[in-house]
Amino acid sequence: NLFFSGLTATEKKLAEYKCNTNEAIQLKLVRFPEDLEDENTTFNPEYSHQVFGDDEVAFGYKGLKILLYYIAGNLSTLFRIEYTSRVNEKFDCVEADDVESKIREIIPPGFCTNTDDFVSLLEKEVNFKPFGMLLHTYSIHNEEAGEDITYQIYKADMTCPGFREYHERLQTFLMWFIETASFIDVDDERWNYFLVFEKYNKDGATLFATVGYMTVYNYYVYPDKTRPRVSQMLILPPFQGEGHGAQLLETVHRYYMSSPTVLDITAEDPSENYVKLRDFVLVKLCQDLVCFSPVKLMQGFSQEMVTEAQQKLKINKQHTRRVYEILRLRATNMGDAEQSRSYRLDVKRRLIGPYKKKQRELAKMRRCLRPEEMTNQLNQIDLNLQREQLEESFQQLVSDYRRVLERLAQA
C-alpha cells in the first residue's frame, strides 16, 4: 500500500507541472511600448491542439507563459518562454516538454528573443506600408476613442516586396484561431490574398495595423473561366465583432464581380460563423435585384434568380437558394396561416431532398436484407423521426435567417 500512496504523491507533484496551453500562450499586437506591460492588450488562443496535442497541455512547468508578441503592422515577432519552475530530470526522473521547438515549428525564423530588440523594431514601424492594391476604404465609429477609425482593404500577391515573409508571420495566427488550420503553398500563383488594415496615429504620423485577412484560390473551370474559392478567413480577436468580416467578404465579392472570367465564388468547408456572415453579405448584395422583388419571391425559387445572381454577382446556385429563402421570409407574413404554410412547405421541400435520397438507399439495402413487411414498418418509424428532424432543421434555419434580417435592418 505504501507503494501506491508514494505514487499518488509523485503523481500529485507532477500534476502541478501541467499547464493549459490556451492559457499559457499570450498573444499581443503591439503599437506602443507601454502595450507590453498592459494586460488589456493580451489575448489567448482559442485552440492549441494542432501544436500541443488534443489535451492542449504542456508538461514540466509551473507558471508557464509562452509570449508571442507581434508588432501591430508588419508582425515582427517577440517569442519568449517564462516559468516559475521546471521539473528536473535528475530529481524527478521525467523530462519537460520541449515547448520552444514546438512553437519554432510554426513561427518563421528571425524573431526577437528579448524585449529591447523588439522595442527598437517598434520604432521602425513608421516605415511599414500595406502591400498591394487598395480596393476599399471604410470607417467605423469607435465608442472608446470617441471617433471614427479608418480601415483599408488591399489585394496583395507574392510579387509585392516583403509580402512573402509578412504572410509567413500572419498565417501563424491560423493555428490558434481556426480549428483545422493548414498553411498554404505560397508558390502556387493561383492564390489571392486580401488584407485589412487599420490606420492609426502615433506621434503625428499615420501607421497601419493588421486587422485580418482572407486567402482565395482560383480554380480553373473549362474552357476559360475560374471559380474563386475562399479558403481561410481570419479577423484577429481584438477586432472581432466590429463588422470587418462583412466588409472584407463584400469587398472580395465586388472584386471578383468585376471580372468577366469569374463564374461564381464558393468556399472550402465553411464554418457556421462564416455561413452566417456570407448569408448577410449575399442578401445585402441581392436584395435590390429585380428577380428578388416581393411578387417574384412569392412565386417561388426560379431559374431567373439563379441566372441573375450568377451573372451579376457571381453567386452560385446553392447560395442563391439560401438568399431566396431569407428574402422570402422577410416578404412573408408568418402570422398569416396560408403564407406561413406555403413558406414552410417550400423550405422543407428543399430540406427533404437528402432524406429522400437516404430513404431510397435504405429501401434498396433492405430489399436485399429483410422480408417485405419489416421494411414498411421501419420506413414508418423513419418517417416520424424524419418529420421531427425536418421540423427541427426548419426552426433552426428560420431563427438563423431572422438574425440575418435583423442585422440587415441595422446595416
Whole-Å distance, taken between Cα centres, linking segment 267-292 and segment 51-85: 37 Å
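Please identify every one of the GluC sites (Glu not before Pro) in segment 14-49 that sits in a loop by DSSP and has no more than 12 other beta carbons within 10 Å of its own beta carbon. List each step's numbers first, then the result.
On the way: sites: 16, 23, 34, 37, 39, 46; in loops: 16, 37, 46.
Qualifying residues, ordered by number: 16, 37, 46.
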Quote the accessible area belonging to residue 36 in square angstrom, nearest 10, computed with a 1.4 Å probe and with ligands, DNA and RNA left uncounted. 20 Å²
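Looking only at Cα atoms, what is the convex hull volume of segment 119-223 per residue, in Å³? Don't jump to the answer; show the numbers that get you there.
Numbers: hull volume 17.0 nm³, N = 105.
Per-residue hull volume (Cα only) is 162 Å³.
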For the chain, with the dipole built from +1 on Lys and Arg beta-carbon atoms and -1 on Asp and Glu ones, taken about the Cα centre, which of 172, 408, 115 lies farthest toward the positive end? 408
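Rounded to the nearest 20 debye, what is the charge dipole size of the chain about its Cα centre when +1 sits on each Lys and Arg Cβ and -1 on each Asp and Glu Cβ?
Details: 52 positive and 62 negative charges, 487 e Å.
About 2340 debye.
Using a cut-off of 11 Å between beta-carbons, work out the net charge of the residues near residue 286 (Lys and Arg +1, Asp and Glu -1, residue 286 not included). Display every interim value, and only then the final one.
Working: positive: 284, 312, 322; negative: 279, 288, 308.
Charge balance near residue 286 sits at 0.
With a probe of 1.4 Å, find how much accessible area segment 12-125 has per residue, and write the answer as a whole number in Å².
On the way: 6090 Å² over 114 residues.
For segment 12-125, the solvent-accessible area averages 53 Å² per residue.
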Report the Cα centroid-to-centroid distance between segment 225-262 and segment 140-190 in angstrom, as an integer. 12 Å
Choose one of 70, 87, 21: the residue whose Cα lies farthest towards the positive end of the charge dipole of segment 12-125 (beta-carbon charges +1 Lys, Arg; -1 Asp, Glu; about the Cα centre). 87
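Relative to the compact-globule scaling 2.2 N^0.38 Å, provide the ratio for the alpha-carbon radius of gyration of segment 129-330. Let's see the in-between values first.
Values: Rg = 18.1 Å, N = 202, 2.2 N^0.38 = 16.5 Å.
Dividing the Cα Rg of segment 129-330 by 2.2 N^0.38 Å gives 1.09.
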How many angstrom lie between the C-alpha centres of segment 109-132 and segment 324-362? 55 Å
Surface accessible to a 1.4 Å probe, per residue, for the residues of segment 129-330, Å²: 46 Å²
Using only the Cα atoms of the chain, each taken as one equal point scatterer with no solvent, compute I(q) by the Debye sum, divide by I(0), and report log10 of the ratio at q = 0.12 Å⁻¹. -1.08
Hey, any idea what % of the chain's accessible area is carbon plus sulfur with a 1.4 Å probe? 49 percent
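How would 346, 336 line up by accessible area, probe 1.4 Å, largest first?
On the way: 346 20, 336 55 Å².
Heavy-atom accessible area, descending, gives 336, 346.
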Kirkwood radius from Cα pairs of segment 43-115 plugged into Stokes-Einstein at 37 °C, 0.692 mPa s, gives D in µm²/s equal to 239 µm²/s
What number, rounded to the nearest 500 deg cm²/dmol, is the helix-based mean residue ellipticity at 222 nm of the chain, given -39500 (n - 2.57) per DSSP H run of at least four residues and division by all its residues? -14500 deg cm²/dmol
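The values are calculated or read from the model by the stated rules, or taken from the named source; none is laboratory data. Fair warning: this is a prediction, and the values are worked out from it, not measured in the lab. Cβ sites come from the backbone with ideal geometry, for glycine too, and all protein chains shown count toward neighbours. Ligands, DNA and RNA are stripped out before the accessible areas are found, and what is left, the full protein with its side chains, is counted by its heavy atoms. Shrake-Rupley method; radii C 1.70, N 1.55, O 1.52, S 1.80 Å.
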